[in-house]
Amino acid sequence: MSWVSTGIYYDRINRIVQRRAAPMASAPLLIESLDFCELYALREEKDWQRAAQILSESAKRLEGAGAGALIINANSMHKVYDDVAQSVGIPILHIADCVGKALKDAGCESAALLGTRNVMTESFYRKRLVAHGVDLLPPNMTNVDTMDSIIYDELMVGKVTRDAERKMKTIITNKSQEGAQAIVLACTELDLIVDVDANVLPVFDSTRIHCQAAANWILDDELED
């Protein structure tokens, strides 16, 4: 939900719409960019309750402004998905459901989940993928610490380093050796340091998949109109 994430989503959704609709087409989007300082590395239950309130209020404003569907541009913030969904009367495209469907369609039965600490270790995201028939490798806590450091200290402030790229390559190689058939990148900014299209394992980038789902919704909605 950092400004980096917002920029990536805006760019990708528009590129998909332009490619599929017309050279001069752009996506009709309502964007509310929230102050990430209020949503950074949450730990306590009271912090998540505050996050749920912030996102729910944002969702209501977007619905009131005319949005017909919503996406939450952060994997970790899907922890409060149910609260936000209950606050509005329009659909919210859940990122993990989109990823789970992509894994199932590809015939992938075993994957390793990489993202922030709460995404990798808590059930709110993992159970959505498992519901699509995907067996997830257990998280390695050393990797969890490494991922949190790379994501929060570097990527979310726009910093990309060769050291982070090497660490990610090592983690992915190890997951291949542990039996994973694929990698799920469950953090928007991770594709800044992972070559999604050329790796030792197939990489399912949650951001690309989520953006594709949003573009599909936009284009199908426009066709219906």
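Summary of values
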| read-out | value |
| --- | --- |
| Cβ-defined net charge surrounding C187, 12 Å radius [Lys, Arg +1; Asp, Glu -1] | -4 |
| Using a Förster distance of 41 Å, the FRET efficiency for M141-R20 (Cβ separation, nearest 0.05) | 0.45 |
| Carbon/sulfur fraction of accessible area - the chain, other protein chains in place, 1.4 Å, % | 49 percent |
| Full-stretch length increase - E38, K60 - with 0.36 nm per residue and alpha-carbon distance subtracted | 6.1 nm |
| Cα convex hull of the chain - mean projected area over all directions, nm² | 12.4 nm² |
| Distance in nm between pseudo-label sites at V200 and I90 (7 Å out along the Cβ direction from Cα) | 4.4 nm |
| GluC sites (Glu not before Pro) lying in DSSP loop within the stretch 123-217, provided at most 15 other Cβ fall within 10 Å | E178 |
| Sites S123 and Y10, calculated FRET efficiency, Cβ-Cβ separation with R0 35 Å, nearest 0.05 | 0.70 |
| Theoretical gain in end-to-end length, K104 to T173 [0.36 nm per residue, Cα-Cα removed] | 22.6 nm |
| 222 nm mean residue ellipticity, helices alone, for the chain (DSSP H n ≥ 4; -39,500 (n - 2.57); rounded to 500) | -16500 deg cm²/dmol |
| The chain: DSSP helices with Cα axial extent of at least 24 Å and average Kyte-Doolittle hydropathy no lower than -0.5 | 206-224 |
| Residues of the chain: accessible area per residue with a 1.4 Å probe, Å² | 49 Å² |
| Of A106, A186, A215, the one that fluctuates the most in a GNM where the chain has Cα springs shorter than 10 Å | A106 |
| Selected from L113, L129, L34 as most flexible by GNM, with the chain as the system and alpha-carbon contacts under 10 Å | L34 |
| Inter-label distance for D82 and T161, nm, one decimal - labels placed 7 Å from Cα along Cα-to-Cβ | 3.9 nm |
| Selection of trypsin sites (Lys or Arg not before Pro), the stretch 56-159, meeting DSSP coil and at most 14 other Cβ within 10 Å | K159 |
| Candidates A180, A102, A198, ranked by Gaussian network fluctuation over the chain, Cα under 10 Å, top entry | A198 |
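The values are calculated or read from the model by the stated rules, or taken from the named source; none is laboratory data. The shown structure was predicted, so the numbers you read here are calculated from the model rather than taken from an experiment. With ideal geometry, Cβ positions are generated from the backbone for all residues, glycine too; neighbour counts draw on all protein chains shown. The accessibility values were calculated without ligands, DNA or RNA, using every heavy atom of the protein model including side chains. Shrake-Rupley method; radii C 1.70, N 1.55, O 1.52, S 1.80 Å.
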